[in-house]
Amino acid sequence: MKILVLNGPNINMLGIREPGIYGKQTFADLLSLLEETARQEQVSITQFQSNHEGVIVDKIQEALGAYDGIVINPAAYTHTSVAILDALKAVSIPAVEVHISNVDAREGFRQISYAGMACEKTIKGQGLDGYRQAVQYLKETYGK
Ligand code: DQA
């Protein structure tokens, strides 16, 4: 099973950005966790991070026919991007949305998720472990 993990803007700043909200674990720690998850779950995981909305749209389009599942943390684009929502709908690849922080307990503008409207499941407030849980869900539901 091939899973694409997509991360949006500022996720590469983990460990530096607002540690009180996102924790002290770094982006490198996230990459290690994904490698470990791939081994444990016996799936292939490709991670891609971008600070640019259109690049994320391109990656979603390129995933068609290449990946069996998408784990996406669109970061700030979660709350603004109809383009990412439409791209996820266009490819119809099973997708899970992840947020490191508990967006429900934060500012009002974080309560809307456009990308989430095209995702089967949303995992929030679980820290980096949310990515592992998302991969596990895709494996259990669509694994082959
Ligand atoms: C985030 C939550 C978003 O509101 C924020 O803009 C992010 C990260 C999270 O993982 O908790 O950059 O997606």
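Each value in this text was obtained by applying a stated rule to the coordinates, not by laboratory testing. Here the structure is a predicted model, which is why all the values come from computation and not from measurement. Don't worry about glycine lacking a Cβ; one is built from the backbone with ideal geometry, like all the others, and counts go over all protein chains shown.
Here the Karplus relation 6.51 cos²θ - 1.76 cosθ + 1.60, evaluated at θ = phi - 60°, turns the backbone of segment 65-70 into coupling constants of x, 10, 10, 9, x, 10 Hz, with x for every Gly and Pro.
For K89, the lysines whose Cα falls under 22 Å of its own Cα, not counting residues fewer than eight places away in the same chain, are K2, K59, K121, K124, K139.
Each residue of segment 123-130 was assigned a 3J(HN,Hα) from its phi angle through the Karplus curve 6.51 cos²θ - 1.76 cosθ + 1.60 (θ = phi - 60°); the sequence is 10, 9, x, 9, x, 5, 4, x Hz, with glycine and proline shown as x.
3J(HN,Hα) couplings calculated from phi for segment 72-78 with the Karplus curve 6.51 cos²θ - 1.76 cosθ + 1.60 (θ = phi - 60°) are, in sequence order, 10, 10, x, 6, 4, 5, 3 Hz; Gly and Pro show x. Give the distance, in whole Å, between the Cα centre of segment 1-63 and the Cα centre of segment 86-144. About 12 Å separates the Cα centre of segment 1-63 from the one of segment 86-144. Dividing the summed -39500 (n - 2.57) terms of all DSSP H runs of n ≥ 4 by the residue count of the chain sets its mean residue ellipticity at 222 nm at -11000 deg cm²/dmol.
Beta bridges from DSSP with both residues in the chain: antiparallel share about 0 percent, rounded to the nearest 5.
For the chain, modelled as a GNM whose springs connect Cα atoms under 10 angstrom apart, the maximal fluctuation among S101, S32, S92 occurs at S32. Highest mobility in the GNM of the chain, judged by mean-square fluctuation with C-alpha springs under 10 Å and restricted to D129, D86, D104, is found for D104.
Distant-in-sequence amide contacts of K124, defined by a placed amide H-H separation under 5 Å and a gap of 5 or more residues or a different chain, comprise H99. Under 5 Å between amide hydrogens, built in the peptide plane, is the criterion, and for A95 it picks out I70, E120 among residues at least 5 positions away or on other chains.
Simple spin-label estimate for A66 and I21 gives 3.1 nm between the two label positions (7 Å along the Cα-to-Cβ direction from each Cα). Take the Cα of M117, step 7 Å toward its Cβ, do the same at L31, and the gap between the two points is 3.5 nm.
Pull out a ≥ b ≥ c, the square roots of the eigenvalues of the alpha-carbon gyration tensor of segment 23-106, then state rounded if a/c is under 1.5, prolate if not and a/b is larger than b/c, and oblate in the remaining case. Here segment 23-106 falls in the oblate category.
Let me check I've understood the local charge: for V96, count other residues with C-beta under 13 angstrom from its C-beta, Lys and Arg +1, Asp and Glu -1. What total comes out? Let's see the in-between values first.
Numbers: positive: K121, K124, R132, K139; negative: D68, E97, E120, E140.
Once all neighbours under 13 Å are counted, the net charge is 0.
Considering only L14, L128, L88, the Gaussian network model of the chain with Cα springs below 10 Å gives its largest mean-square fluctuation to L14.
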